[in-house]
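The values are calculated or read from the model by the stated rules, or taken from the named source; none is laboratory data. Owing to the predicted nature of the structure, the values given are computational and were not obtained by experimental measurement. Cβ: placed from backbone, ideal geometry, glycine included. Neighbour counts: every protein chain shown. The accessibility values were calculated without ligands, DNA or RNA, using every heavy atom of the protein model including side chains. Shrake-Rupley method; radii C 1.70, N 1.55, O 1.52, S 1.80 Å.
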Amino acid sequence: MLDTAIIGMGRWGQTLVDSVQGRNDAGIRFVAGCTGRPERAADWAARQGIRILPDFAAVLADPQVKAVAIASPHRMHADQVIAAAAAGKHVFVEKPFTMTKASAEAAVAACRAAGVVLALGHNRRFLPAVAEMKTMLADGRIGTLLHVEGQFSGPGALAYKPGMWRANRAESPLGGMGGMGIHMVDMFIALAGPITEVTVRSHARAIDNGLDDTTAALFRFASGATANFATLAYAPRYWRVALFGTDGIAELHGHEHLAFTPREGEGWVRDFPRTDIEAAELTAFAAAVAGSPAYPLPVEEAIHGVAVYEAMIGAAASGSTYRVA
């Protein structure tokens, strides 16, 4: 059992812990942690059997803790990953991995040098319907991939009030990208490969808390395929990704509802079982620490996702097309 500390006990940190705590089949348990406002998490931590330690340094000094799961503000991730690696702790880190390609590379290098596992929390990679879409690309049912469409939206920005870290534009550039849209960028990479250039428009149309609520982009992949993308931070919750190929179209609405339209013949619609994707990613992290199999998100793709995010920020600010470094 991998004894792990949770770093950040806000809504998402608690979601991660709740997905696996007390499950013998997960291979991971949370024993300690730290958070910016411990008084808010004290009752929950007591129920989960988690010791709240004074700070991140105290977590890293705790001999019981073998790994950390980082769910802290975005700009803290890189330094925390590097410090955890130096302390010999395995690392699960929430998205966005870091805020710059250079810091992502430094974090990966630190984990490699320390010989610790690094896992990035893009949980939609663990959806059975996404696995089916990857199979369809590999076995030719889609044909040559021409274009990808994606949207991940939700009303989260309504809850961001002054003083909250998510309401800080430095933590949440491009509106919903840090909390939602970065997942779709990773999905594009997982399905269609490296992204080479981005064009982005991002602005506030309906909210006035200093953040953008509408972010739209056009991408080009190394393969030559294109993609269009949007994340709306003031809209009903919505997830959709679609693959358009010469021989077929595969379209995933939500996490379970997959439809296939072939160029000729009958298509189909399939509903996949609901999956606890937070439990799935943490179980995969524990399995990777135990030695097999490797965590199913290569660190090179983690770095590339950050590079795309960084290019999107630059493209939106400049009003021009940016190459992805």
Could you give the nm distance between label points at ALA86 and ARG270, where each point is 7 Å from its Cα heading toward the beta carbon? 4.8 nm
Compute the convex hull volume of the Cα atoms of the stretch 199-296, divide it by the residue count, and report the result per residue in Å³ as a whole number. 194 Å³
Which cross-chain or sequence-distant (5 or more) residues have an amide H under 5 Å from the amide H of THR214, H modelled 1.01 Å from N in plane? HIS203, ARG205, ALA233
222 nm mean residue ellipticity, helices alone, for the chain (DSSP H n ≥ 4; -39,500 (n - 2.57); rounded to 500): -10500 deg cm²/dmol
Determine the alpha carbon to alpha carbon distance for each of LYS89/LYS134; LYS66/LYS95; LYS95/LYS161 and list only those over 28 Å. LYS89/LYS134
For the stretch 146-187, the spread of Cα positions along each principal axis, largest first, Å: 44, 19, 12
Rounded to whole Hz and in sequence order, give me ³J(HN,Hα) for the stretch 28-33 from the Karplus expression 6.51 cos²θ - 1.76 cosθ + 1.60, θ = phi - 60°, writing x for Gly and Pro. 9, 9, 9, 10, 7, x
Around GLN14, under 12 Å between beta carbons, what's the net of Lys plus Arg minus Asp minus Glu among the other residues? 0
Radius, Kirkwood style, for the stretch 257-307 when every pair of distinct Cα atoms is counted (Å): 14.2 Å
Given a cut-off of 22 Å, what percent of all Cα-Cα pairs of the stretch 24-178 lie beyond it? 56 percent
What whole-number value in Å² describes the accessible area per residue of the chain for a 1.4 Å probe? 42 Å²
Does anyone have the angle between helix 181-192 and the longest principal axis of the chain? Alpha-carbon axes, 0 to 90°, nearest 10? 60 degrees
With every protein chain left in place and a probe of 1.4 Å, what is the accessible surface of LYS89, to the nearest 10 Å²? 20 Å²
Would you kindly derive the ³J(HN,Hα) couplings of the stretch 238-244 from the backbone phi angles with the Karplus curve 6.51 cos²θ - 1.76 cosθ + 1.60 (θ = phi - 60°), listing them in order in whole Hz, with x for Gly and Pro? 7, 9, 8, 9, 9, 10, 10
For the stretch 1-100, alpha-carbon Rg over 2.2 N^0.38 Å: 0.97
Using the Cα atoms as the points, what is the convex hull volume per residue of the stretch 63-126 in Å³? 85 Å³
Could you state the angle between the C-alpha long axis of helix 277-290 and the longest principal axis of the C-alpha atoms of the chain, as a value from 0 to 90 degrees rounded to the nearest 10? 60 degrees
With θ set to phi - 60° and the Karplus curve 6.51 cos²θ - 1.76 cosθ + 1.60, what are the ³J(HN,Hα) couplings of the stretch 135-143 in order, to the nearest whole Hz, using x for Gly and Pro? 5, 5, 5, 6, 8, x, 5, 7, x
Largest first, how would GLU171, GLU300, GLU251 line up by accessible area (1.4 Å probe)? GLU300, GLU251, GLU171
What part of the accessible area of the chain, given as a whole %, is carbon or sulfur when the probe is 1.4 angstrom? 54 percent
So who's got an amide H within less than 5 Å of the one on ILE28, skipping anything under 5 residues away but keeping other chains? H placed 1.01 Å off N, in plane. LEU2
Kirkwood hydrodynamic radius over Cα pairs of the stretch 95-173, then Stokes diffusion coefficient at 4 °C and 1.567 mPa s, in µm²/s: 78 µm²/s
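Please report, in debye to the nearest 20, how large the charge dipole of the chain is about its Cα centre when each Lys and Arg carries +1 at its beta carbon and each Asp and Glu carries -1 there.
So the dipole magnitude of the chain works out to roughly 500 debye.
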For q values of 0.10 Å⁻¹, compute log₁₀ I(q)/I(0) with the Debye formula on a Cα-only model of the chain, without solvent. -0.58
